[in-house]
Each structure stands twice: as structure tokens, then as C-alpha cells.
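Visitor: Below you'll find the structure I mean.
The values are calculated or read from the model by the stated rules, or taken from the named source; none is laboratory data. Predicted model only: the values in this text are computed from it and were never measured. No Cβ is skipped: glycine too gets one built from the backbone with ideal geometry, and neighbour counts run over all protein chains shown.
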Amino acid sequence: MNEILTQEKSIYIQIGEMIENDILRDVLLEEERVPSTNELARLLTINPATAAKGINLLVDAGILYKKRGIGMFVASGAKQQIMKRRREHFYEDYVKSLMAEADSLGITKQELVAMILQAETGRSG
């Protein structure tokens, strides 16, 4: 939860994404308790109702579940579920726009692949 909230999208959506990111990075593990809405509200200096709305998005998606009187927990299989959904959206959200921009700039497939390889090398070095 060390990410910073931005103005780009609704805060409750960002909260859901932060928790999902923590699950993907194994900061939050399956069957582990997640911070309460009040804890999130204090940590991020937001309204508890906003934090609850973000948590409820994940409950509705089956990523989190409630243990009555104890709190919210990461559901079994949540990490795989998040990865599957995000992979499905990756093409639409990134690849198509990347290809359209490359095409408008006259970047060839070979040049684009070279750029991707260069970026990969820069990341690991």
C-alpha cells in the first residue's frame, strides 16, 4: 500500500487496484487478512466509506471475502483470478494502442520488437 493516489480515476477504484497489486506482488497472500476500511482510511487519509467501496469491489469480484467479526481476507485463487483478468485486458488496454501509435509513427514491426528488447535489457541492467 505504498502507492500514491492520483486524480486520474476514482479513489475507490485505485484502492481496489492497490490491493490487487499487493496480491500480485505477494505482499498480501491468499487467506491473509487485508487492512480494514478504517485502517485504509487512516493510511490514505480518505473517507472510510470510500475505502469500503474499494474493498466491496473486490468482494463482489470474489478477490476478498468477509469473516464475520474478524475482517476481510484474500480469497483462495485470488492471485490467479487477477492475473487472468489483467492478461485478458492487456491486449485491449496496451497492445492495440501501442500498435496504432507505432503505425502512425511509421515504426516497423522489427523496430518495435527492437524497442521492446531494448526496454527489457534496460530493466534488467
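Visitor: Can you report the number of residues in segment 66-103 which are aliphatic (A, V, I, L, M), in contact (Cβ under 8 Å) with a residue 40 or more places away in the chain and in contact with an Asp or Glu (Cβ under 9 Å, 6 or more places away or on another chain)?
Guide: Within segment 66-103, residues that are aliphatic (A, V, I, L, M), in contact (Cβ under 8 Å) with a residue 40 or more places away in the chain and in contact with an Asp or Glu (Cβ under 9 Å, 6 or more places away or on another chain) number 4.
Visitor: Of all residues in segment 34-54, count the ones that are surrounded by 14 or more Cβ atoms within 10 Å (Cβ to Cβ) and farther than 18 Å from residue 86 by Cα.
Guide: Residues meeting the conditions: 14.
Visitor: Taking segment 55-78 as the search range and keeping residues that are modelled with pLDDT under 95 and not charged (D, E, K, R), which one is surrounded by the fewest Cβ atoms within 10 Å (Cβ to Cβ)?
Guide: 69
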